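Undergrad: First, the structure itself, so that you have it in front of you.
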Amino acid sequence: VQLQASGGGLVQAGGSLRLSCAASGRTFSSYAVGWFRQAPGKEREFVAAISVSGGVTYYADSVKGRFTISRDNAKNTVYLQMNSLKPEDTAVYYCAASTTYYSNPTETDYDYWGQGTLVTVSS
């Protein structure tokens, strides 16, 4: 499966953005998906994950209550709605897919990665 992340941009603190992860391939509905991010000078970190059906989600503590992950399997797309953005949310955001859903996943749990999309939150 091939993934393409989009929707990044520049936003003021307190604002919102919605990222999209579009997948190619007819079997996208068989993959769990996660979002990760990498801030300048830092390691890539987990943000949110969603199960194949979309019925189970998991969030990093740093984004819980502000970010929402969802999916539309008919459109082969996973979304990350980001509200109440903070300057510390500034990073390149990546989506990734796995045939297995993991709660609290790490990078090695995912087999397929999209290119990143840059989110910049100004103070």
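The values are calculated or read from the model by the stated rules, or taken from the named source; none is laboratory data. This one's a predicted model, so the numbers in the text were calculated from it and none came from an experiment. Ligands, DNA and RNA are stripped out before the accessible areas are found, and what is left, the full protein with its side chains, is counted by its heavy atoms. Shrake-Rupley method; radii C 1.70, N 1.55, O 1.52, S 1.80 Å.
Undergrad: Could you tell me which numbered condition P105 fails, if it satisfies all but one of (1) within 13 Å of the chain's Cα centre (by Cα); (2) open to solvent by 30 Å² or more (accessible area, probe 1.4 Å); (3) modelled with pLDDT under 95?
TA: Checking P105 against (1) within 13 Å of the chain's Cα centre (by Cα); (2) open to solvent by 30 Å² or more (accessible area, probe 1.4 Å); (3) modelled with pLDDT under 95, the one that fails is (2).
Undergrad: I've got another one for you. Filter the range 47-71 down to residues that are at negative phi and over 14 Å from the mean Cα position of the chain (by Cα) and give me whichever is most open to solvent (accessible area, probe 1.4 Å). Reasoning before the result, please.
TA: Taking the range 47-71 as the starting set, the residues that turn out to be at negative phi are 47-53, 55-64, 66-71.
Remaining after also requiring over 14 Å from the mean Cα position of the chain (by Cα): 52-53, 55-56, 61.
Numbers: V52: 50, S53: 97, G55: 66, V56: 73, D61: 127 Å².
Out of the qualifying residues, it is D61.
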